[in-house]
Amino acid sequence: MNRSEFIKTLAAGALISRPFLVHAHKTTYTLALIGSGWWGTNILREALKHGGCRLVALCDVDRNQVQKCYEEVRKISSFNPKIYTDYEELLQKEKPDIVINATPDHWHALIAIAALKSGSHLYLEKPIGHTIAEGQAICKAVADSGKVCTVGFHRRFSPHNVSGMNFLKSGKVGVIKEVRAFVHYNYWPGNPSPEQAIPEGLDWDKWCGPAPLVPYMKSIHPRGWRQRMEFANGQLGDWGPHWFDQILWWTEEIGPKSIHSLASKKIKNDDQNSPESQVVLYEFEEFNCIWEHSNLNGRGQSKTENVGVYFHGTEGTFHMGWMNGWTFYPKDSKSTVIHEDAQLNQPDSQNIDLVWNDFMQSIENKKTPFADIIKGHRATNMSLLGVAALNAGKTLHWDPVKETLGSTDDKLLRRDYRKGYTFPK
């Protein structure tokens, strides 16, 4: 290697090793983030690393939250995005090419549909909506707009999930008739908190939006809203779509035909109102699926981690996990257990970068993303059908093609919005 080549190599190494810095003049698409909390910032960080976008705006009804996100942006890029508290104003003034919707669940539908109608491609966090009817309206808006919409199913892209799915579909697990998805945590958020003064910089009325206006409590915002049924659907609505997506990826069926659910009576004295412990039985044509979650017991006796899916086959049991990768336990105890570790990014052990890369390629090539809105809708439906069955107190019968429970039960597919907000069609 001569001296000039050595200098070029040294310079290239320096560029690779230093912290990344995004420069606006190298970008192609204008980008806006709506919902700038913990997870929205994670998505945005990976989007900026990609380098194909110019960040023009951040939007949040909580100025404290959006300020933290803005400071993170300034650390890792040269962008100086405008800050909005009203997403409609943002869409009208900035007309971004791409919108990331990382708001709480109860805001997903209205913002997603508005972004699509304004001409934006959409990165939508899961679950895609708070009710099944919202999901149906979002799917219609995607189809009508002709825009690319991807769902944040980073577990669909994780290397061990991809290889694990190939292993499952190879037939090595045998005939699978029983699938069990689970999330087991043993935690307690603390004693009930009294109604508190709304923090300066937070528009609580707008934060509640189409959901009921409840008293402000720190246990709800930030992050605690996932266990409040006004704004989300508990563990089933939060974790369920990820694992149901894995199940629907494996099977050729698009949804269950019947759903029944039971939950334990609440025993912890806290601010949460979602089921602490719930079981849902989904009957498919070719197999049965059981969902179970518990906030009461972490299942310390389990060989695997406390989240994932067990595929029980005639040749053994396959565990599709998260941080521990996947493992196959052969029926023959003398056979070797097969395992593959996970490859995850930090913070928060995710593979958002792979979702974003596919999203950008889908926009460039005008193709359907691997985590498209229909996949997101069907996985979300399974979660919400479990919620509906629990609320109904009976077995529900679902037509996965027509997406109906029948005339008497279809009221379970939606909920009324608060006065001043219109349910999407």
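The values are calculated or read from the model by the stated rules, or taken from the named source; none is laboratory data. Computed from a prediction, not measured in an experiment: that's the story for all the values here. Cβ sites come from the backbone with ideal geometry, for glycine too, and all protein chains shown count toward neighbours.
In region 55-84, the qualifying residues are those that are surrounded by fewer than 21 Cβ atoms within 10 Å (Cβ to Cβ) and in contact with a Phe, Trp or Tyr (Cβ under 8 Å, 6 or more places away or on another chain), and the one that is farthest from residue 36 (Cα to Cα) is 76. Could you tell me whether residue 298 is touching a strand residue (DSSP E or B) at 6+ places or on another chain (Cβ under 6 Å), buried (at least 17 other Cβ atoms within 10 Å of the Cβ) and outside the structural domain of residue 130 (by TED's automatic domain parsing)? Criteria not met by residue 298.
Report yes if some residue within region 357-375 is touching a residue at least 12 places away in the same chain (Cβ under 8 Å) and more than 27 Å from residue 49 (Cβ to Cβ); otherwise report no. Looking through region 357-375, at least one residue is touching a residue at least 12 places away in the same chain (Cβ under 8 Å) and more than 27 Å from residue 49 (Cβ to Cβ).
Checking the stated criteria, residue 391 turns out not to satisfy the condition of being polar (S, T, N, Q), modelled with pLDDT of 95 or more, under 19 Å from residue 250 (Cβ atoms) and not in a strand (DSSP E or B). Residue pairs whose Cβ atoms lie under 8 Å apart, separated by 6 or more positions or on different chains, with the first residue in region 246-261 and buried (at least 20 other Cβ atoms within 10 Å of the Cβ) and the second among the hydroxyl-bearing types (Ser, Thr, Tyr) and at pLDDT 95 or above, are 256/282; 259/282; 259/395.
None of 196, 246 is in a loop (DSSP other than H, G, I, E, B), assigned by TED's automatic domain parsing to the domain that holds residue 313 and among the polar types (S, T, N, Q) except 196. So, in region 237-294, of the ones that are of a type in the set (A, V, I, L, M) and under 30 Å from residue 190 (Cβ atoms), which residue ends up farthest from the chain's Cα centre (by Cα)? Taking the candidates together, the pick is 267. Of the residues making up region 382-425, just one is of a type in the set (Ser, Thr, Tyr) and under 17 Å from residue 244 (Cα atoms), namely 383. Across region 175-187, not a single residue is classified as free of Cβ contacts under 8 Å to residues at least 24 places away in the same chain and not in a loop (DSSP other than H, G, I, E, B).
Residues that are in contact with a Leu (Cβ under 9 Å, 6 or more places away or on another chain), crowded, with 20+ Cβ neighbours inside 10 Å and under 19 Å from residue 179 (Cα atoms) do not occur anywhere in region 330-350. Given the criterion without any contact (Cβ under 8 Å) to a residue 60 or more places away in the chain and within 14 Å of residue 257 (Cα to Cα), identify the matching residue among 419, 402. The match here is 402.
Within region 336-352, the presence of at least one residue that is touching a residue at least 40 places away in the same chain (Cβ under 8 Å) and in a helix (DSSP H, G or I) is confirmed.
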